[in-house]
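Reading through the structure tokens given below for one structure.
The values are calculated or read from the model by the stated rules, or taken from the named source; none is laboratory data. Keep in mind that what you see is a predicted model, and the values were worked out from it rather than measured. For neighbour counting, all protein chains shown are included, and Cβ atoms are generated from backbone atoms with ideal geometry for every residue, glycine included. Note: areas computed on protein heavy atoms with side chains; ligands, DNA, RNA excluded. Shrake-Rupley method; radii C 1.70, N 1.55, O 1.52, S 1.80 Å.
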Amino acid sequence: MIKYGVISRDLFIQDMLDWDTLYVSGRLHKPVFWLREAKLRSLETAVLTNLQSAVHMALLLLPEEFSEQDLFTSIASISYSGDFRMTVGEDRDKVQNIVKPNLAMFRELYEVILDNMQHLHWRKSSGTFQQSNTVSCYYHHLNLLPKTMQYYIWEHSNKDGKHRDLEESLMSVAHDYDCSNIVACAGMKIVRRSSITQSLKGIFTAGLMKSIKYSGQKLKKMMKSVR
């Protein structure tokens, strides 16, 4: 079975750069097989930027030292965290099942980015990383997150009514002991909204009965994974 979707070039690029929905961009955080290579520079740049953004977010969520599997699991989890279907209807081991058998493919996909990532040391022989967890490093990663992520972070930082601009908000969060949770929550808000929208679209496009049947199959997978 092949699942497919249709999206305009402009919306594709927008989601790659801004993470408006993390629906298409999230899928491309994982290794995929390209039927046709993207020959337009704008598409190539958007896809690369999306992968770089995934690394910046993952590094904000990870401790000072971690393994390759930790990193790629964090990246692969971005588009699932906040998805209500992961609570009811999805295999609990879905992310691990994506990452573990495909570590070599993840490594190949992200190698150039990781080799050139600031504030990160990759010990390839042991498959481990060490990063700098200073405020300036946090700010560096926050400043390079997609626009929608930054919006939700800005929204959070202004809950106290101080009306900070984006730069002040990111610096405030970089100093915050809870920085990783703030970033994680921003991603979850995007995914939660998108997952609800996609589920409603599925009912209208596939029909109620097909949607119920599909959900039933998902629930069976989830029950097997918790046994």
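Some observations on this one:
- Qualifying residue in the stretch 139-149 (condition: at pLDDT 95 or above, surrounded by 15 or more Cβ atoms within 10 Å (Cβ to Cβ), among the basic types (Lys, Arg) and under 20 Å from Asn50 (Cβ atoms)): no
Residue-wise test of (1) at pLDDT 95 or above; (2) touching a His at 6+ places or on another chain (Cβ under 8 Å).
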{"position": "Leu51", "(1), (2)": "yes, yes"}
{"position": "Phe66", "(1), (2)": "yes, no"}
{"position": "Leu71", "(1), (2)": "yes, no"}
{"position": "Ser79", "(1), (2)": "no, yes"}
{"position": "Phe84", "(1), (2)": "no, no"}
{"position": "Gln96", "(1), (2)": "no, no"}
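- In the stretch 175-183 there is no residue that is touching a helix residue (DSSP H, G or I) at 6+ places or on another chain (Cβ under 7 Å) and of a type in the set (Phe, Trp, Tyr).
- Residue check for Val191: modelled with pLDDT of 95 or more and either open to solvent by less than 50 Å² (accessible area, probe 1.4 Å) or not small (Gly, Ala, Ser) (or both): no
- Pairs, first β-branched (Val, Ile, Thr) in the stretch 158-177, second part of a helix (DSSP H, G or I), C-beta under 7 Å, six or more apart: Val173/Leu142; Val173/Ile153; Val173/Ser157; Val173/Cys179; Val173/Ile182
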